[in-house]
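Beneath this line is the structure, given in structure tokens, with notes to follow.
Computed from the coordinates by the stated procedures, all read-outs in this text should not be read as laboratory data. This one's a predicted model, so the numbers in the text were calculated from it and none came from an experiment. All Cβ positions, even for glycine, are placed from backbone atoms using ideal geometry, and neighbour counts span all protein chains on display.
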Amino acid sequence: VKEAIYCSPTGTSSAAGTKEDPLDVQTALTYCQAGQAVYALGGTYNLKKTTGVWHGNDGTGEDGMKYFMAAPDNTEDVVFDFGGSFTDSKFVSNTFDLSGDYWYVANMKFANGGGVTLGGSHNILEGCDFYGHSNSGLSVSRTDGSNNKADWPSYNQIINCNAYNNSDKSQNNADGFAAKLTCGEGNVFKGCIAAYNADDGWDLFAKVQSGSIGAVTIKNSVAYGNGYLEDGTNAGNGNGFKLGGDSMSGKHVLENCVAFDN
């Protein structure tokens, strides 16, 4: 088993990567090898630019995944905070990007950015929170511009995650979870909660221009209060589970889910 790499809010790129001398988060993610874990020490990481796992930074399969998670003995939450400063566009541009394949990401919070984008395949996100973003809390969509559906993010699992208080300037785009437009086959949500997002809890919209998306499965999940902000502001469309759009075919499956007060 490869020794874990540690990162912290005050880590540097020249550190040793030990618990006593931790790296910054981007350097740690870049150096992580298949079968190795990046442990994030507790605290708030004030990030000023897009951070993440770029295309090509992949595990080698289910037996050679890369791991990015809160350090097991943390006493405080791991929060990646992108500062929430709006740009001239309607979205905050800085965010977390997970474009690699075969990563396991667990037990961390991603806040106040442009939303987390899951552009890779065969990843597992578990026990994470996505909130305060100016676009959807977690989007499963291409990050490489490919028009080939086979390249779109596929076979990801999002387990016991929460997406809440995401709101864009127009209050018409920020969903809790968005698996839409350029989302591939076999993506599954289990035990997730979407609440108080300006637009929808889950949005599985497809457009004629890009074609049908892959079948999404949502199990044991709850959508409530969407279309309203937590302070009661009446915001966007507010569907609990939006399962299509543009009259595009979708083979999505909902099992044991609940939607209320949307």
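Taken one residue at a time, the phi angles of region 237-249 give Karplus couplings (6.51, -1.76, 1.60, θ = phi - 60°) of 5, x, 6, x, 10, 8, 10, x, x, 6, 6, 8, 5 Hz. Gly and Pro are set to x. Between Val216 and Lys251, His252, Val253, the built amide H atoms are under 5 Å apart, and every one of these is 5 or more places off in sequence or on another chain.
With both partners inside region 179-243, how many of the DSSP beta bridges are antiparallel, as a percent to the nearest 5? Here the share of antiparallel DSSP bridges comes out near 20 percent.
Distant-in-sequence amide contacts of Val140, defined by a placed amide H-H separation under 5 Å and a gap of 5 or more residues or a different chain, comprise Leu118, Ala178, Ala179, Lys180. Which residue, Ala163, Asn234, Asn147, has the largest displacement toward the positive end of the dipole of the chain when charges sit on each Cβ (Lys, Arg +1; Asp, Glu -1)? Ranked along the dipole, the leading option is Asn147.
Ranked by the mean number of other Cβ atoms within 10 Å per residue, highest first, peptides 12-23, 152-163 order as 152-163, 12-23. Per-residue 3J(HN,Hα) values for region 201-215, derived from phi via the Karplus relation 6.51 cos²θ - 1.76 cosθ + 1.60 with θ = phi - 60°, read x, 10, 10, 10, 5, 10, 10, 4, 4, 9, x, 5, 9, x, 5 Hz in sequence order (x marks Gly and Pro).
Our coupling estimate for region 107-115, obtained by passing each phi through the Karplus curve with A = 6.51, B = -1.76, C = 1.60 and θ = phi - 60°, is 6, 9, 10, 10, 9, 6, x, x, x Hz, Gly and Pro reported as x. Taking only alpha carbon atoms, region 109-156 gives an Rg to Rh ratio of 1.01, where Rh is the Kirkwood radius.
Taking Cα pairs under 8 Å and at least six residues apart, what relative contact order does region 142-262 come out at, in percent? Write out the running numbers ahead of the final one.
Working: 351 pairs, mean separation 30.2, N = 121.
RCO, region 142-262: 25 percent.
Read through the labelled values (1) 39, 21, 17; (2) 29, 21, 16; (3) 42, 21, 19 and report the label of the one computed as semi-axes √(5λ) of the Cα gyration tensor in Å from the structure. Only one option fits the structure, namely (2).
Residue-normalised convex hull volume from the C-alpha trace of region 1-156: 110 Å³ per residue. Ranked by the mean number of other Cβ atoms within 10 Å of their residues, highest first, the peptides 118-131, 189-202, 57-70 come out as 189-202, 118-131, 57-70. Per the Debye formula on identical point scatterers at the alpha carbon atoms of region 2-61, with no solvent, log10 I(q)/I(0) at q = 0.20, 0.26 Å⁻¹ is -0.72, -1.11.
The DSSP beta bridges internal to the chain are antiparallel in roughly 5% of cases.
Taking amide H as placed 1.01 Å from N in the peptide plane, the amide H of Gly43 sits under 5 Å from that of Asp77, Val78, Val79, each at least 5 places away or on another chain. Once the convex hull of all Cα atoms in region 97-229 is built, its volume per residue stands at 88 Å³.
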